[in-house]
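S.K.: Okay, handing you the structure first.
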Amino acid sequence: MKLALLILWVALCAFVVATGYIRLAPTDPDDWDVPLDFSDDSDEGGIRRVVETGPDGLARLDPIIRATPRTRLLAGGVAEGRATYVTRSAVIGFPDYTTVEQDGDVLKIFARQRFGRSDFGVNETRVTGWLNALQP
């Protein structure tokens, strides 16, 4: 009984430490706010989307992204032509980073997670929702 209780406490402490690290780990904007150099959609290593929006795509998408729960601007902005946002999951606070760049009439979007190998489709669902909301 004492061993089971000890194991439970150790597991609980490990969970608290891991969750604390995920929520409090520093984020260097230079690691995430990078130029996007792709020209086709892809789901390899994150979600990459290229969309014809006209020259104001980022300006129209920015308020949609900012209205997403638990999302904040990390770096850049509409005036710079590239913005990177961080969206955290509700319970543990896993960060997902999304960079959006205006390239002429084309909007490039790159969404990826910081921790783990899979985001279980969360980024794809989020980006698809943003793009659907952007459509007239």
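S.K.: Which condition breaks for Ile64 when tested against (1) farther than 17 Å from Trp130 by Cα; (2) β-branched (Val, Ile, Thr); (3) touching a helix residue (DSSP H, G or I) at 6+ places or on another chain (Cβ under 6 Å)?
M.R.: Failed condition: (1).
S.K.: Mind listing just one residue for me: the one in the stretch 51-67 that is over 19 Å from Gln113 (Cα atoms) and among the hydrophobic types (A, V, I, L, M, F, W, C) and, of those, surrounded by the fewest Cβ atoms within 10 Å (Cβ to Cβ)?
M.R.: So the residue we want is Ala67.
S.K.: Here is a further query. For the stretch 11-29, give me each residue that is surrounded by 10 or more Cβ atoms within 10 Å (Cβ to Cβ) and not aliphatic (A, V, I, L, M).
M.R.: Hits for the stretch 11-29 are Cys13, Phe15, Thr19, Gly20, Tyr21, Arg23, Thr27, Pro29.
S.K.: Being assigned to a helix (DSSP H, G or I), free of Cβ contacts under 8 Å to residues at least 60 places away in the same chain and not hydrophobic (A, V, I, L, M, F, W, C) is the filter here; which residues of the stretch 15-61 pass it?
M.R.: Gly20, Tyr21, Pro29, Asp30, Asp31
S.K.: Now, a different point. Which ones in the stretch 20-61 are out of contact with any helix residue (DSSP H, G or I) (no Cβ under 7 Å at 6 or more places or on another chain) and among the basic types (Lys, Arg)?
M.R.: Arg23, Arg48
S.K.: Among the listed residues Asp37, Asp41, Asp96, identify the single one that is under 18 Å from Arg23 (Cα atoms) and acidic (Asp, Glu).
M.R.: That would be Asp96, the only listed residue that is under 18 Å from Arg23 (Cα atoms) and acidic (Asp, Glu).
S.K.: Now a separate question. Every residue in the stretch 84-104 that is in a loop (DSSP other than H, G, I, E, B) and touching a helix residue (DSSP H, G or I) at 6+ places or on another chain (Cβ under 8 Å), please.
M.R.: Across the stretch 84-104, the qualifying residues are Ser89, Ile92, Gly93, Phe94.
S.K.: Quick one: which residue in Leu74, Leu8 is surrounded by 10 or more Cβ atoms within 10 Å (Cβ to Cβ) and assigned to a strand (DSSP E or B)?
M.R.: Only one candidate passes the filter, namely Leu74.
S.K.: On the basis of being in contact with a helix residue (DSSP H, G or I) (Cβ under 8 Å, 6 or more places away or on another chain), open to solvent by less than 30 Å² (accessible area, probe 1.4 Å) and touching a residue at least 60 places away in the same chain (Cβ under 8 Å), does Gly81 make the cut?
M.R.: No: the conditions fail for Gly81.
S.K.: For residues that are at pLDDT below 95 and either among the small types (Gly, Ala, Ser) or under 9 Å from the mean Cα position of the chain (by Cα) (or both), tally how many sit in the stretch 115-136.
M.R.: 3
The values are calculated or read from the model by the stated rules, or taken from the named source; none is laboratory data. Since we're looking at a predicted model, the values are computed, not measured. Cβ coordinates were reconstructed from backbone atoms using ideal geometry, including for glycine residues, and neighbour counts include every protein chain displayed. SASA here: full protein model, heavy atoms, side chains in, ligands and nucleic acids out. Shrake-Rupley method; radii C 1.70, N 1.55, O 1.52, S 1.80 Å.
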